[in-house]
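Engineer: So that we are looking at the same thing, I have put the structure below in structure tokens.
The values are calculated or read from the model by the stated rules, or taken from the named source; none is laboratory data. The model shown is predicted, which means the values in this text are computed figures rather than measured ones. Neighbour counts are summed over all protein chains in view; Cβ atoms, including those assigned to glycine, are modelled from backbone coordinates with ideal geometry. For the accessible areas, the whole protein counts, side chains as well, though only heavy atoms, and no ligand, DNA or RNA atoms are used. Shrake-Rupley method; radii C 1.70, N 1.55, O 1.52, S 1.80 Å.
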Amino acid sequence: MISSPFLAVNNAGRMDIQQENTLKKIILLVALWAIPATAMAHDILGFPRHKGVEPVVNKKYSSSCGECHYAYHPGLLPSRSWKKLLEPKSLENHFGDNAELSEKDRLEVLAFLTENASETTWHFKRSVKITQSIPEDVTPLRISEVPYIKKKHMEIPREMVKDNPKVRSLAQCNKCHTEAVEKGQFSRTNVDIPNFRNWADLID
Amino acid sequence: MQELINPDEEGMMKGSTPMKWDLFVRIFHWSLVVMVTLAYLSGDFDIEALHSWFGYVVMGLITARFIWGFIGSINARFRTFIYSPTETMAYFASMFRNAPKHYVSHNPAGALMVFMLLILLAMITLSGLVYEGWGEYEGPLWQMHVMISDQVGLLAKGIHRQLPEMLLFAVAMHVLGVIIATIQHKENFLRSMWYGHDKLKI
Ligand code: HEM
């Protein structure tokens, strides 16, 4: 009957109870703590990451770009996107609006945005993912067109966004993400869609 | 419960019953309890960096259990506790008569539960892995540049949202089943899962 070495454990007699208890304790300790500990070490030492995007502010940027929508965190787009958005020509026709700036202001805002763009950080999680998700030969002009951001909102029905008078567009991040502006936090645990408090039950 | 296939009393404590669960099964079981709890909580509270690690551990545990189901000790083998539908129905009938037939390994009701839990966990971890590769730009699938369509990605996300809730329900049923069985069989199942064998019939 007993032909495989693995079967030995079927017979309690092969190990005395004390040996077995010691072995059990060792394996339990290793199994239960080594792996999460590595995970945490990985998180703290090897990969220190903040949850959101960096909540940097710049007065000139906030006053120049914060009128019509909140002044998007620079870490939400790569610098090539900011450069393209801030070309004088594109500012003249900024999604149908005129967002022209004086040359001095434009350069200051551009410098701030590119210095803090998504690919300049490796420790703000959302920025890293945004950078990773955009193919190298693509320059998105909209944060809402970034693959990572797009995928995150695919299942949200139209009536919660476009047809929601308190939101109107996915570009209005701060209408739903309550800790976005101040903390740069975007998590499903702190979303509050206006008129749809119970969005989680409706989407799931 | 005395009819173990190859009882070997040598080295066992006086008065204890024969070995029911081998060391692997016991470590597997309690590690799974701890890790699934941690995976569930970290998932629910969006502690993402830790969540995927707990998930991987669960994945490793159930993979090991799957292998052990073929090469492990007799009581731990799937073959031992795959029962025919007739036998399963007969067990449920005897259970409702409050005179359940005794089994050395899992009884048919418990066996159903075990397969249910393992299948749920396999689906949860696999969907988590796919969702991680598609939507989070992380993990092995992302690192290996596995192309995942939006359809598959969304499906994985949906599964990974729904099944953990089902898992909670299944775990509750599992615990309830053990309580009922403990009373009906007058056997201390909890002790068997910790020490490997029941001390004495209670
Ligand atoms: C026992 C195993 C697991 C359990 C119980 C579990 C449970 C959960 C739960 C409860 C959530 C929250 C879902 C919600 O918002 O309602 C979640 C999210 C998530 N899980 Fe898991 N999970 C497991 C394994 C895994 C694995 C192996 C991976 C892959 C690495 C994974 C990746 C994820 C990801 C990426 C999310 C975030 C979903 C989002 O933000 O939308 N999970 N998980």
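Engineer: Taking the alpha-carbon distance from A:Lys24 and a cut-off under 16 Å, which aspartates and glutamates remain once sequence neighbours fewer than 8 residues away in the same chain are dropped?
Structural biologist: Answer for A:Lys24, where 16 Å is the Cα cut-off: A:Asp16, B:Asp22, listed by chain and number.
Engineer: Something else now. Report, largest value first, the span of the C-alpha coordinates of the protein assembly as shown along each principal axis, in whole Å.
Structural biologist: Rounded to whole Å, the extents work out to 90, 43, 32 Å.
Engineer: Right, next: How about segment B:151-202: which trypsin sites (Lys or Arg not before Pro) there are in a DSSP loop, with at most 16 other Cβ atoms within 10 Å of their Cβ?
Structural biologist: Listed in order of number, the matching sites are B:Lys186, B:Lys199, B:Lys201.
Engineer: Taking only pairs that are 8 or more places apart or on different chains, how many Lys pairs in segment A:146-204 have Cα atoms under 21 angstrom apart?
Structural biologist: The result is 12.
Engineer: State in Å² the accessible area per residue of the protein assembly as shown; use a 1.4 Å probe, count heavy atoms of protein chains only, and round to the nearest integer.
Structural biologist: That works out to 55 Å² for each residue.
Engineer: Residues of segment A:161-204 losing 50 Å² or more of accessible area relative to the isolated chain, 1.4 Å probe, heavy atoms only?
Structural biologist: Buried on complex formation: A:Arg188, A:Asp204.
Engineer: Right, next: Per DSSP H run of n ≥ 4, the term is -39500 (n - 2.57); total these for the protein assembly as shown, divide by its residue number, and report the mean residue ellipticity at 222 nm rounded to 500 deg cm²/dmol.
Structural biologist: For the protein assembly as shown, the value works out to -16500 deg cm²/dmol.
Engineer: Can you give the extra length, in nm with one decimal, that the chain gains between B:Phe78 and B:Glu165 once fully stretched, where that is 0.36 nm per residue apart less the Cα-Cα distance?
Structural biologist: 28.7 nm
Engineer: May I ask you to evaluate 6.51 cos²θ - 1.76 cosθ + 1.60, the Karplus curve with θ = phi - 60°, for each residue of segment B:40-51 and list the ³J(HN,Hα) values in order in whole Hz, giving x for glycine and proline?
Structural biologist: So the J values, rounded to whole Hz, are 5, 5, 5, x, 5, 8, 6, 9, 5, 4, 7, 4.
Engineer: Can you give the charge dipole size of the protein assembly as shown about its Cα centre, rounded to the nearest 20 debye, using +1 on the beta carbon of Lys and Arg and -1 on the beta carbon of Asp and Glu?
Structural biologist: For this selection, approximately 740 debye.
Engineer: Give the lysines whose C-alpha is closer than 16 Å to that of A:Lys89, dropping any in the same chain fewer than 8 places away, or say none.
Structural biologist: A:Lys104
Engineer: Would you mind telling me which residue in B:Ile148, B:Ile124, B:Ile27 has the biggest mean-square fluctuation in a Gaussian network model of chain B, where springs connect alpha carbons within a distance under 10 angstrom?
Structural biologist: Of the options given, B:Ile148 has the highest mean-square fluctuation.
Engineer: Kindly express, to the nearest 10 degrees and within the range 0 to 90, the angle between helix B:108-135's C-alpha long axis and the longest C-alpha principal axis of chain B.
Structural biologist: So the helix axis and the longest Cα principal axis differ by about 10 degrees.
Engineer: Computed on protein heavy atoms with a 1.4 Å probe, what is the summed buried accessible area for the chain pair B and A, in Å² to the nearest 100?
Structural biologist: Answer for the B-A pair: about 4100 Å² buried.
Engineer: Also, I was wondering about something else. For segment A:45-204, just say rounded, prolate or oblate: build the C-alpha gyration tensor, square-root its eigenvalues into a ≥ b ≥ c, call rounded for a/c under 1.5, and beyond that prolate if a/b exceeds b/c, oblate if not.
Structural biologist: It is oblate, given that a/c is not under 1.5 and a/b is not larger than b/c.
Engineer: Any residues in segment B:68-92 that have 30 Å² or more less accessible area with all protein chains than in their chain alone, probe 1.4 Å, and which are they?
Structural biologist: Going by heavy-atom accessible area, the residues of segment B:68-92 that drop by at least 30 Å² are B:Trp68, B:Ile71, B:Ser73, B:Ile74.
Engineer: Could you pull the Cα extents of chain B along its three principal axes, largest to smallest, in whole Å?
Structural biologist: For chain B, the Cα spread along each principal axis is 56, 38, 29 Å.
Engineer: Leaving ligands, DNA and RNA out of it, report the carbon-plus-sulfur percent of the accessible area of the protein assembly as shown at a 1.4 Å probe.
Structural biologist: The C+S portion of the solvent-accessible surface of the protein assembly as shown is 64 percent.
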